[in-house]
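Every read-out reported here was derived from the displayed coordinates using simple, explicitly stated rules and does not represent laboratory data. All values derive from a computational prediction rather than experimental measurement. A quick note on method: Cβ atoms are made from the backbone with ideal geometry, for glycine too, and the neighbour counts reach across all protein chains shown.
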């Protein structure tokens with residue numbers, strides 16, 4: 001009795017009886033992991049874009065802070081020199097006008113300086129010894145703002161690298177899907193096992209990589 | 001307590017005050033605190049130091065002192081601070097006897113002269129190929145003690161030593177020049193005043209004599225002692241050699257325009273006092289008692305000096321060291 005060709009047999013997966021189930025599981029796993037990986041890529045890319053935007057604004061703010069600090073330092077010195085000259089020249093009106101143009105911190109610094117006995121008076125009101133001189137603090141804050149901006153920028157870069165690495169995992173999973181599919185079609189059992197091995201390895205590497213790069 | 005006013009307008013005396021101020025504002029920014037300074041303009045004048053110390057001691061808002069800058073002032077004002085329960089951390093007073101126990105609340109963040117003397121002596125013996133070394137001291141206790149320490153170290157290493165004493169502020173340079181005979185190829189200058197050392201170096205050069213010259217830490221100031229090829233010992237490393245230090249150095253330059261890398265111990269002394277004040281704060285306020293209680297156990301793992309800061313039982317910094325620099329082309333180059 002001959003067993004004629006059957007459409008079911010023509011479409012059946014060749015090889016051991018457990019192979020179709022295993023392939024289904026592997027391909028399904030690869031698909032799920034691929035989906036999760038794609039989601040993580042999107043998350044990291046999103047974080048990266050946000051961090052880049054924040055760092056750009058932060059750098060702008062830092063530059064403004066730094067410029068303000070420099071401008072304040074230049075202005076206070078210029079006004080002090082003009083005020084001192086007006087006062088020495090006995091020009092009370094100009095002295096008062098210039099005093100009014102000074103910032104409150106500069107006025108406080110000069111007032112402290114004037115009140116010091118000569119032996120304890122620094123050469124200038126804008127001197128480290130003057131506790132009322134606030135320019136050093138603004139310079140510190142500008143520097144800290146710059147450090148924060150740099151940290152955010154660095155984080156943006158890290159997130160971008162992370163997303164690129166996860167995209168590599170997606171490529172691995174694509175390989176797993178390909179080799180798994182081929183294993184279902186090929187009739188040669190040893191070739192099937194090789195392709196199965198490649199599929200399993202690619203999936204393991206991808207899962208391991210996903211855990212590490214999460 | 002640091003100098004910030006000079007009758008000689010060409011000299012910038014304010015380096016320690018500048019560094020202390022940078023450290024203060026940095027600390028306040030990092031910790032959200034509002035510590036401030038009460039400046040006291042003191043360098044080497046003991047009378048002035050006593051006046052300022054009395055003022056600081058009477059000010060109840062003062063919970064700790066950075067300074068004094070010199071050993072002679074530390075000896076004079078220490079009893080005033082001790083009696084007031086104030087702890088004082090010096091960035092530059094190196095006389096060994098300051099930590100022999102007679103000053104209860106004195107601390108320092110730099111090595112003392114019991115380290116400097118042997119350090120200089122060993123450097124001379126191992127690196128300068130000495131035949132005979134002339135050790136010049138002045139009549140200040142700092143210089144006398146240091147020169148004895150250098151001489152002792154050299155003798156232990158089998159190096160011949162000759163001694164000569166000069167008067168601080170007006171050294172007899174001719175006597176020093178005459179003392180430098182053909183057998184003397186190294187001159188050690190542990191002098192208090194850098195200008196005295198410069199006068200001696202100039203006189204030797206004018207006389208056509210070229211011994212190796214090595215100076216001690218009080219002469220570490222290119223504006224006052226700048227003899228080309230001379231060596232200078234200091235407790236202050238080039239702060240830009242560390243990442244943290246380089247960052248602070250840029251900040252210093254941004255604020256003050258110029259840059260003086262070797263005043264950093266004053267910044268570290270300030271950081272030490274502030275850390276003790278913050279750690280001992282109760283109800284948002286620091287107290288002298290709290291600072292005094294906390295300082296002996298303070299630990300700063302990373303500082304701009306490149307070494308961690310903690311104190312031994314004598315209140316000296318642990319693992320303090322001296323470095324030797326060589327002067328070339330108006331700059332210091334680290335040798336050891």
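For the protein assembly as shown, the share of DSSP beta bridges that are antiparallel, to the nearest 5, is 35%. Per residue of peptide A:114-125, the mean number of Cβ atoms on other chains within 10 Å of the residue Cβ is 3. When only Cα pairs below 8 angstrom with a gap of at least 6 residues are kept, chain B shows a relative contact order of 19 percent. Each semi-axis of the equivalent ellipsoid for the range A:113-214 is √(5λ) with λ an eigenvalue of the Cα gyration tensor; in descending order they amount to 70, 9, 6 Å. Over every Cα atom in chain B, the radius of gyration and the widest Cα-Cα span, Dmax, amount to 19.9, 69 Å.
Computed from Cα positions, the angle between helix B:113-127 and the longest principal axis of chain B comes to roughly 40 degrees.
With the convex hull of its Cα atoms as the shape, the range B:289-336 has an orientation-averaged projected area of 4.8 nm². Distance from the alpha carbon centroid of the range B:27-76 to that of the range A:27-45 works out to 63 angstrom. Counted over all Cα-Cα pairs of the range B:119-202, pairs farther apart than 15 Å make up 51 percent. How large is log10 of I(q)/I(0) for the protein assembly as shown at q = 0.06, 0.10 Å⁻¹ when the intensity is taken from the Debye formula with one equal scatterer per alpha-carbon? Log10 I(q)/I(0), no solvent term: -0.47, -0.89. In the range B:173-257, Cα pairs under 8 Å separated by at least six residues give a relative contact order of 25 percent.
Between the Cα long axis of helix B:264-279 and the first principal axis of chain B there is an angle of about 30°, rounded to the nearest 10. Note on the range B:1-101: Kirkwood radius taken over Cα pairs, Stokes-Einstein applied at 37 °C and 0.692 mPa s, translational D equal to 232 µm² s⁻¹. Please give the helix A:19-88 orientation as an angle from the longest Cα principal axis of chain A, in degrees from 0 to 90, rounded to the nearest 10. The answer is roughly 10 degrees. Between residue B:326 and residue A:38, the modelled label-to-label distance comes to 6.7 nm, taking each label 7 Å out from Cα in the direction of the beta carbon.
Between residue B:287 and residue A:78, the simple label model (points 7 Å from Cα in the Cβ direction) yields a spacing of 5.0 nm. Largest GNM mean-square fluctuation across B:182, B:196, B:47, computed for chain B with C-alpha springs under 10 Å, falls on B:182.
Once you've got the GNM for chain A with C-alpha springs shorter than 10 Å, pick whichever of A:158, A:91, A:61 has the biggest mean-square fluctuation. Residue with maximal mean-square fluctuation among A:158, A:91, A:61: A:91. Does the range A:73-128 come out rounded, prolate or oblate by the C-alpha gyration tensor, with a ≥ b ≥ c the root eigenvalues, rounded set by a/c under 1.5 and, if not, prolate when a/b is larger than b/c and oblate if not? In terms of gyration-tensor shape, oblate. Using C-alpha pairs under 8 Å with a sequence gap of at least 6, the mean separation divided by the residue count of the range B:88-131 gives a relative contact order of 38 percent.
Radius of gyration (Cα atoms) of chain A, expressed as a multiple of 2.2 N^0.38 Å: 2.15.
Compared with the direct C-alpha span, the chain from residue A:191 to residue A:50 gains 46.0 nm at full extension, assuming 0.36 nm per residue. Just report the Cα centroid separation between the range A:124-196 and the range B:247-322, whole Å. Using only Cα atoms, the two centres lie 36 Å from each other.
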